[in-house]
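A.B. asks: The following block contains the structure, expressed as structure tokens.
The values are calculated or read from the model by the stated rules, or taken from the named source; none is laboratory data. All of these numbers come straight from a predicted model, not from anything done at the bench. Cβ coordinates were reconstructed from backbone atoms using ideal geometry, including for glycine residues, and neighbour counts include every protein chain displayed.
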Ligand SMILES: Cc1cc2nc3c(=O)[nH]c(=O)nc-3n(C[C@H](O)[C@H](O)[C@H](O)COP(=O)(O)OP(=O)(O)OC[C@H]3O[C@@H](n4cnc5c(N)ncnc54)[C@H](O)[C@@H]3O)c2cc1C
């Protein structure tokens, strides 16, 4: 008897250089705006100057909306509110790219402000109810916690009465957000942050996974593979999930706070927690992808990356292991305004893809926008790749006329 033929998913490997598909959602005007923007943020001098000017303007309460809104804000953010982001959500959905509404407010410390941010995130989670266009919710623990308390808990310092109360409020806010995600059946990401606060965040995330991930992954913890210790942590976590009887949810990222991590370590004369070079970060990221694909019986995965090689690798691993591109245990995610060739070509090939859609008042989103601009000037490869592909599409459209 002939051996049964296995389904072959290799045919669906995406072509990330297909710019026609990648930018079909952008008019020629929007495309040339993106082109100029990536040219500007590709200059580290301009980004440095812009960052200082912005911080100065914010401190003096000088209005900045007139310059930010039509430039970086419209490229990287959905709008000032969920309603204002609707146009973006609908546009992405037409190309089968899902949304992850991300309320961008950082650096708050007062309890009243933290409650306000938690309430806004709760509203964002509720907005996803029965709306298939939304794949996940997301929050940053630093948006709803005083940083000092996260640092103290991570360092294992004993808390006084006031500290214990603050920590209890943080845990309650995290629990409320995860319970709401479970109630509306929209999985939720807990973002990863600086290493000196991450232990507390890990503790909260694991606690919530134990509660909500009994049947499926509702809560996803984030693993930053630019850290030396995180591949081992991912493996331990997988074992813990199995022994404690919950399904693991993980978002894999390389990590966004490299400079800060290195300079803090060197100021303190401590060894840096970050990999010695990009090669090791890439090696661990790809090893983590392999680990996750090999343990899909126990975990669900989202690859949060703009790196073409890693996205390609994940597609290949899925094809090799006969995992259907639309298998709900595997997601790909990028940030709004970045790496459209990856997101839109993945979606077209039938993979599950989502974009973070940050939203919020312009002033609140500035730290996020500065990080995006710095990332694009620091990773010369990334912004020049974006530019190369946008230029290719502009030329293709001209020739088509
Ligand atoms: C959907 C999504 C969600 C995200 N969520 C988080 C989050 O929760 N927490 C978080 O920290 N970040 C998060 N990020 C950002 C992410 O960590 C990266 O900063 C960003 O995506 C760039 O990495 P890359 O894989 O896309 O691509 P690449 O351009 O291939 O990698 C750049 C990254 O490699 C690492 N790197 C660069 N140079 C070196 C070096 N010399 N030595 C060691 N490592 C180096 C750094 O991490 C750098 O950011 C998220 C990104 C996405 C797309």
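A.B. asks: How about segment 207-229: which of its residues are surrounded by 19 or more Cβ atoms within 10 Å (Cβ to Cβ), more than 11 Å from the ligand (Cβ to nearest atom) and not in a loop (DSSP other than H, G, I, E, B)? Walk me through how you get there before you give the answer.
C.D. replies: Initial filter on segment 207-229 (surrounded by 19 or more Cβ atoms within 10 Å (Cβ to Cβ)): 208-209, 212-213, 217-227.
Cutting the leftovers down to more than 11 Å from the ligand (Cβ to nearest atom) gives us 208-209, 212-213, 217-219.
Scanning segment 207-229 gives 208, 209, 212, 219.
A.B. asks: From the set of residues in segment 230-259 that are in a loop (DSSP other than H, G, I, E, B) and more than 9 Å from the ligand (Cβ to nearest atom), which is surrounded by the fewest Cβ atoms within 10 Å (Cβ to Cβ)? Spell out how you get there, then give the answer.
C.D. replies: Narrowing segment 230-259 to residues in a loop (DSSP other than H, G, I, E, B): 245-247, 254-257.
Now restrict to residues that are more than 9 Å from the ligand (Cβ to nearest atom): 245-247.
On the way: 245: 9, 246: 23, 247: 20.
Of everything passing the filter in segment 230-259, 245 is surrounded by the fewest Cβ atoms within 10 Å (Cβ to Cβ).
A.B. asks: Follow-up question, since we're still on this one. Quick one: count up the residues across segment 318-348 that are over 21 Å from residue 190 (Cβ atoms) and away from the ligand (no atom under 16 Å from the Cβ).
C.D. replies: To start, the set of residues in segment 318-348 that are over 21 Å from residue 190 (Cβ atoms) comprises 318-327, 337-348.
Still in the running and away from the ligand (no atom under 16 Å from the Cβ): 318-327, 348.
Number satisfying all stated conditions: 11.
A.B. asks: While we're here: Tell me, yes or no, whether segment 305-315 has at least one residue that is surrounded by 23 or more Cβ atoms within 10 Å (Cβ to Cβ) and in a strand (DSSP E or B).
C.D. replies: No, the conditions are met nowhere in segment 305-315.
A.B. asks: Another one. Give me a count of the residues in segment 96-113 that are in a loop (DSSP other than H, G, I, E, B) and either outside the structural domain of residue 172 (by TED's automatic domain parsing) or out of contact with any strand residue (DSSP E or B) (no Cβ under 9 Å at 6 or more places or on another chain) (or both).
C.D. replies: First pass over segment 96-113, keeping only residues in a loop (DSSP other than H, G, I, E, B): 96-97, 104-110.
Going one step further and asking which of them are either outside the structural domain of residue 172 (by TED's automatic domain parsing) or out of contact with any strand residue (DSSP E or B) (no Cβ under 9 Å at 6 or more places or on another chain) (or both), we end up with 105-110.
Going through segment 96-113 one residue at a time, the tally reaches 6.
A.B. asks: Looking at residue 387, is it in the same structural domain as residue 34 (by TED's automatic domain parsing), more than 24 Å from residue 191 (Cβ to Cβ) and touching a helix residue (DSSP H, G or I) at 6+ places or on another chain (Cβ under 6 Å)? It would help to see each step written out before you state the result.
C.D. replies: On the way: in the same structural domain as residue 34 (by TED's automatic domain parsing): yes; more than 24 Å from residue 191 (Cβ to Cβ): yes; touching a helix residue (DSSP H, G or I) at 6+ places or on another chain (Cβ under 6 Å): yes.
So residue 387 passes the test.
A.B. asks: Among the residues of segment 114-121, is there at least one that is assigned by TED's automatic domain parsing to the domain that holds residue 170, under 22 Å from residue 256 (Cα atoms), touching a strand residue (DSSP E or B) at 6+ places or on another chain (Cβ under 9 Å) and in a strand (DSSP E or B)?
C.D. replies: no
A.B. asks: Could you grab me the full set of residues in segment 260-275 that are over 23 Å from the mean Cα position of the chain (by Cα) and near the ligand (Cβ under 10 Å from one of its atoms)?
C.D. replies: Here is the first cut: in segment 260-275, the residues over 23 Å from the mean Cα position of the chain (by Cα) are 263-272.
Result: 272, single match.
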